[in-house]
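Single-structure report; data block below.
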Amino acid sequence: MPLSITLLGSGEYLPIMNEIDARLLARAGHHTPRVVCFPTAAGQEGEGSVSRWMRMGVEHFTRLGAEVRALPIIDRASASDPQWLEPIATADLIYFSGGDPLYLHRTLVDTPAWDAVQRALSRGAQYAGCSAGAMVTGQQVPNVRALRRELHPAFGLVSAQVIMPHFDKFKVFRPMLVPQVQKELGDGFALGIDEDTALLGAAEVEGEVMGAGTVSVITARAVTVYRAGARVPFPSSGSPRG
């Protein structure tokens, strides 16, 4: 059974995501879905930022009728704290908000918290990742702060080599960015997800677009754009160029 993965280009915990998140909650199949929110990607931004993301997550999903906990997992010590394993294990939806994708991956990889997430996904829990939370699900994640383009390992929950959120904000840079990405893809593919837009079923044979913008599927030879309501067939993915 494929994992249930939803990728979002931006807009976590905002009213524009109500329809999308309500649909994810409905998939839980019972009256009060259980949600856990990870503010981990913002862990370097200070207590104020982390607290804001946690508060927004709790308020948003409470309004949608869920039982929700925001887990203060912001570094490798807290990712190894056993008190968070039970809420992860019983969650119906595990939600990762935005921040620094490299920090998110570095903080969680090979920790009890991430192991618990993987077990939860394997038994049918859903993963939703916005911005950085989406980027780490691919095969690789770019270091957007580097002067030269660098690619680092990601969690590999979906077959896309690279996932680019906020894609509609790159319009000025796309003529340079897309060809560079295409050179690195080999026979794989990348995803560009606009702001306020979601791609449901990202780990399946095909996904579905919801929200205000579009999802772009980028291969070495073409860029195909899908609007809300469209089904998105994913190319069979091989290896990126090394």
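What the phi angles of segment 112-124 give under the Karplus curve with 6.51, -1.76 and 1.60, with θ = phi - 60°, is a coupling list of x, 5, 5, 4, 5, 4, 4, 5, 5, 5, 5, 8, x Hz, glycine and proline written as x. Each stretch of four or more DSSP H residues adds -39500 (n - 2.57); spread over every residue of the chain, this sum gives -8000 deg cm²/dmol at 222 nm.
Sparse packing (at most 13 other Cβ atoms within 10 Å of the Cβ) combined with a DSSP loop state is found for the following trypsin sites (Lys or Arg not before Pro) in segment 111-192: R123, R145, R148, R149, K171.
Taking amide H atoms as placed 1.01 Å from N in the peptide plane, the amide H of G186 lies under 5 Å from those of R241, each 5 or more residues away in sequence or on another chain. For segment 65-204, the Kirkwood estimate of the hydrodynamic radius, built from every pair of different alpha carbons, is 16.0 Å.
The alpha carbons of the chain occupy a box of 46, 36, 33 Å along the principal axes, longest dimension given first. Each residue of segment 95-108 is assigned a 3J(HN,Hα), and the resulting list reads 10, 10, 7, x, x, 9, x, 5, 5, 4, 5, 4, 6, 9 Hz, derived from the Karplus form 6.51 cos²θ - 1.76 cosθ + 1.60 (θ = phi - 60°), x at Gly and Pro. Proximity of backbone amide H atoms, modeled 1.01 Å from N, is registered between A128 and T6, I94, Y95, F96 at under 5 Å, excluding neighbours fewer than 5 places apart on the same chain.
The rule of thumb for compact globular proteins, 2.2 N^0.38 Å, goes into the C-alpha radius of gyration of segment 163-208 1.25 times. Along segment 174-186 the Karplus relation, 6.51 cos²θ - 1.76 cosθ + 1.60 evaluated at θ = phi - 60°, assigns HN-Hα couplings of 4, x, 9, 5, 4, x, 5, 4, 4, 5, 8, 7, x Hz to successive residues, with x for each Gly and Pro. Taking amide H as placed 1.01 Å from N in the peptide plane, E150 has its amide H under 5 Å from the amide H of N143, each at least 5 places away in sequence or on another chain. Overall, the chain carries a charge dipole of about 520 debye about its Cα centre when +1 sits on the Cβ of Lys and Arg and -1 on the Cβ of Asp and Glu, all other atoms neutral. When the charge dipole of the chain is built from unit charges on Cβ atoms (+1 for Lys and Arg, -1 for Asp and Glu) and taken about the Cα centre, the candidate among Q44, Q180, L3 whose Cα reaches farthest toward its positive end is Q180. Using Cα centres only, tell me the gap between segment 63-82 and segment 168-226 in whole Å. So the separation of the two Cα centres works out to 30 Å. Taking the charge dipole of segment 138-213 about its Cα centre, with +1 at Lys and Arg Cβ atoms and -1 at Asp and Glu Cβ atoms, the residue from G207, I193, V141 reaching farthest to the positive side is V141.
Evaluated at q = 0.11, 0.18, 0.20, 0.21 Å⁻¹, a Debye calculation over the C-alpha positions of segment 10-142 (equal weights, vacuum) places log10 I(q)/I(0) at -0.33, -0.95, -1.20, -1.33. Neighbour counts of other Cβ atoms within 10 Å put D168, D110, D194 in the fewest-to-most order D110, D168, D194. Net charge in the neighbourhood of G29 (other residues with Cβ under 15 Å of its Cβ; Lys, Arg +1, Asp, Glu -1) is +2.
Values in this text are rule-based calculations from the coordinates and carry no lab data. Keep in mind that what you see is a predicted model, and the values were worked out from it rather than measured. Note that each Cβ is placed from the backbone with ideal geometry, even for glycine, and that neighbours are counted across all protein chains shown.
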